[in-house]
Amino acid sequence: MSFLIRSKNVFTGLADHPQPASILVDGSQIKAVLPWDYDKAAYAGVECRDYGEQMVMPSFIDAHTHMFSGAIDASDYVCDTLGECTSQEECAKMIADYAAEHPNQRRIRGVGWFVGAWNDAPLPDRRSLDALIPDRPVYMLCADSHSMWLNTKAMEETGYTPGFAVENGEVCHFPDGSLSGLFIEPAAYEPAMQKYMEFSATEMAGIHQGFQEELASYGIAGVSEMFADDYTDDTRTRYRQLVALDEKKGLYAHTFIYTKLFDYTDFTPYFELKKEIDSAHVHINGVKGFIDGVTETYTGLLLEPYTDRPETCGEGLPLHPAARMQEEITAANKAGIQVRLHCIADGSVRMALDLYEQAQKESGWDTSVHQNTIEHIENIHPDDIDRFAKLGVIPSMQPYHVTLSNGGKVWRLGEERCRLEFPIRTIYDHGGQIALGTDYPVVTINPFVTIYAALTRCNDEGQPTGCNAATEKLPLPVILKAYTDGAARVYHAQDQMGTIEPGKQANIIVLTQNLFEIPPEKIRDTKVAVNYFEGSVVYGE
């Protein structure tokens, strides 16, 4: 089936502003981009869907998400409003109210609490949860996904005991040696995360279907699974469920999966999983590792000590030995596998750049064809800014995290280092190829609030955030390209999606507002009116 999409404001991603145009769609592909006043005689009988002055653009591609946990967090099985809380006590009361409203849930799950919103209060512990919910397991995932807060019932269910050993991260204890209920970094809370993610096949099908509909409503055609899952039977089962849904009902977005990097130099398990899982819209796409955690819990790796704890540059870091990381990254690149590294702070960013530089020398990794990435980059040393462009490493960054942080890094890093916090514009101005996303469910997957944050560096109340709001704003054309073509390049999918041009998938959205003609504060109110995924309307009309 062929049809035309026409508008006076088509942003193709190839120019900096919308232009009048008509897009010829043939099946799932873009066949041609024609003038707005195309020769109607030449296309007699081809339906024209005229959107008048509405802005038309490529579908969004989110460069960094945690799709599986995010789908669960978007479901009715999770209390997702904990980010509104300003104290441990308020969080405990909110999850207790949720538990009372859901008496049939065997496990109580919550997400979004963030100690950075608690005015530098102490980290939470099980006592506040036990006092209100003593009879059911409670699992509370931090907004940044680097800590989990459990009650006693949850610790009993997961098998945690005092002295529980972990490869990295921290199992927190009270002074008397008993477990506090706080588990820092994914390796420490992995047993709890397994329970958090445990649902029947029927329940998971419903969870995934609901999330696909949410993605469609936001005009998002590409997401990722960035949890770095190991090559286990549980992992295979989880991925097969998504493939089965795609085969049965069809997904509304591509999912690009990044599996475990650490502890592997032989990537036979990776290629076996890829052969088994790769399908029309589910792709095993590369490997992922975590060098550090987050500065809020002193697990971000700094080059110089923390301002408020001068005895440390980060606790238990790096999370994996540097020499082993070098072997593993080099081996992955030699095998043609993209590597993505979680790096919050300036020490981990430098380490990642050093590791990638050495891997390029040893592996012959061709950065003109494939790019490794560094995720997050919440602060950076000035000496490392130019290295992204030089090494062909893509910075994958999340502008709305500035709002989540709410200026809280000043407590940990001091004002001088915070002049280069979330340095998106600085890296871009130095030639870095930017890719934007959300890190959902750390923050909302709504692309319009992320666009607003990148454009203004203001919080939801319109106030500038951090120490460098004036210097780190991105221009709107750069933001939109980084949220479409830039993210596609992270996924090595730029030949299939990310711009409106012949030969690409017909992933096209129509917006309720022209982002180029409205005040920045109005961008957050923008909606997707119509979403075409591979030529089919999956939302709107």
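Between Ile451, Ile509, which is open to solvent by less than 10 Å² (accessible area, probe 1.4 Å), closer than 24 Å to Gln371 by Cβ and either not hydroxyl-bearing (Ser, Thr, Tyr) or not in a loop (DSSP other than H, G, I, E, B) (or both)?
None of the others qualify; the one that does is Ile451.
Given the criteria in contact with a helix residue (DSSP H, G or I) (Cβ under 8 Å, 6 or more places away or on another chain) and either farther than 24 Å from Lys481 by Cα or in contact (Cβ under 8 Å) with a residue 40 or more places away in the chain (or both), does Thr373 qualify?
Here the answer is yes, as Thr373 does meet what is asked.
For every residue, the table says whether it meets (1) part of a loop (DSSP other than H, G, I, E, B); (2) not basic (Lys, Arg).
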position: Gly70; (1), (2): no, yes
position: Cys91; (1), (2): no, yes
position: Tyr98; (1), (2): no, yes
position: Gln105; (1), (2): yes, yes
position: Arg127; (1), (2): no, no
position: Ala131; (1), (2): no, yes
position: Asp144; (1), (2): yes, yes
position: Ala154; (1), (2): no, yes
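Output the residue which, of all residues in the range 422-448 that are open to solvent by 20 Å² or more (accessible area, probe 1.4 Å) and charged (D, E, K, R), is farthest from Ala389 (Cα to Cα).
Checking each candidate, the answer is Arg425.
Suppose the filter is in contact (Cβ under 8 Å) with a residue 40 or more places away in the chain and either under 28 Å from Tyr483 (Cα atoms) or open to solvent by 50 Å² or more (accessible area, probe 1.4 Å) (or both); does Glu378 pass it?
Answer is yes for this residue.
Hey, does the range 484-496 have a residue that's surrounded by fewer than 16 Cβ atoms within 10 Å (Cβ to Cβ), polar (S, T, N, Q) and more than 19 Å from His370 (Cβ to Cβ)?
No - not one qualifying residue is present in the range 484-496.
If you go through the range 35-52 one residue at a time, how many are among the hydroxyl-bearing types (Ser, Thr, Tyr) and either assigned to a strand (DSSP E or B) or under 17 Å from Val537 (Cα atoms) (or both)?
1
Would you point out the residue of the range 39-56, among those that are surrounded by 10 or more Cβ atoms within 10 Å (Cβ to Cβ) and farther than 25 Å from Ala529 by Cα, that is farthest from the chain's Cα centre (by Cα)?
The extreme case among them is Lys40.
Which condition number does Ala32 fail, the rest of (1) within 23 Å of Tyr218 (Cα to Cα); (2) hydrophobic (A, V, I, L, M, F, W, C); (3) in a strand (DSSP E or B) being met?
(1)
Mind listing whichever residues of the range 328-374 are closer than 19 Å to His64 by Cβ and among the polar types (S, T, N, Q)?
Selection gives Gln338, Ser348, Gln371, Asn372, Thr373.
Taking Glu296, is it among the acidic types (Asp, Glu), at pLDDT below 95 and part of a loop (DSSP other than H, G, I, E, B)?
no
Using beta carbons and a limit of 6 Å, which pairs, at least six apart or on different chains, have the first residue in the range 30-59 and small (Gly, Ala, Ser) and the second one surrounded by 12 or more Cβ atoms within 10 Å (Cβ to Cβ) and not in a loop (DSSP other than H, G, I, E, B)?
Partner pairs satisfying both residue conditions: Ala32/Leu24; Ser59/Ala221; Ser59/Ile509.
List the residue pairs whose Cβ atoms are under 7 Å apart, where the first residue sits in the range 194-218 and is assigned to a helix (DSSP H, G or I), the second is surrounded by 15 or more Cβ atoms within 10 Å (Cβ to Cβ) and of a type in the set (Asp, Glu), and the two are 6 or more positions apart or on different chains.
Going by the 7 Å Cβ cut-off, the qualifying pairs are Lys195/Glu157.
Considering each residue of the range 246-272, count those that are crowded, with 20+ Cβ neighbours inside 10 Å and part of a helix (DSSP H, G or I), and give that number.
Summing the residues that are crowded, with 20+ Cβ neighbours inside 10 Å and part of a helix (DSSP H, G or I) in the range 246-272 gives 1.
If I ask for residues that are exposed (fewer than 13 other Cβ atoms within 10 Å of the Cβ) and under 20 Å from Glu156 (Cα atoms), which ones from the range 105-124 would you list?
Arg106
Is it the case that Glu170 is out of contact with any strand residue (DSSP E or B) (no Cβ under 7 Å at 6 or more places or on another chain) and open to solvent by 30 Å² or more (accessible area, probe 1.4 Å)?
Taking the combined requirement at face value, the residue does not satisfy it.
Scan the range 333-344 and report the pairs whose first residue is surrounded by 24 or more Cβ atoms within 10 Å (Cβ to Cβ) and whose second residue is charged (D, E, K, R) and in a strand (DSSP E or B), with Cβ atoms within less than 8 Å and a gap of 6+ or a chain change.
Val339/Lys288; Arg340/Lys288; Arg340/Glu375; Leu341/Lys288; Leu341/Glu375; His342/Lys288; His342/Glu375; Cys343/Glu375
Go through the residues of the range 157-164 one by one and say whether even a single one is open to solvent by less than 30 Å² (accessible area, probe 1.4 Å) and over 21 Å from Asp263 (Cα atoms).
Yes, the conditions are met somewhere in the range 157-164.
The values are calculated or read from the model by the stated rules, or taken from the named source; none is laboratory data. Remember, predicted model here, so these are calculated numbers, not experimental data. Backbone-built Cβ (ideal geometry, glycine too); neighbour counts: all protein chains shown. Protein only, heavy atoms only, side chains kept; ligands, DNA and RNA dropped before computing areas. Shrake-Rupley method; radii C 1.70, N 1.55, O 1.52, S 1.80 Å.
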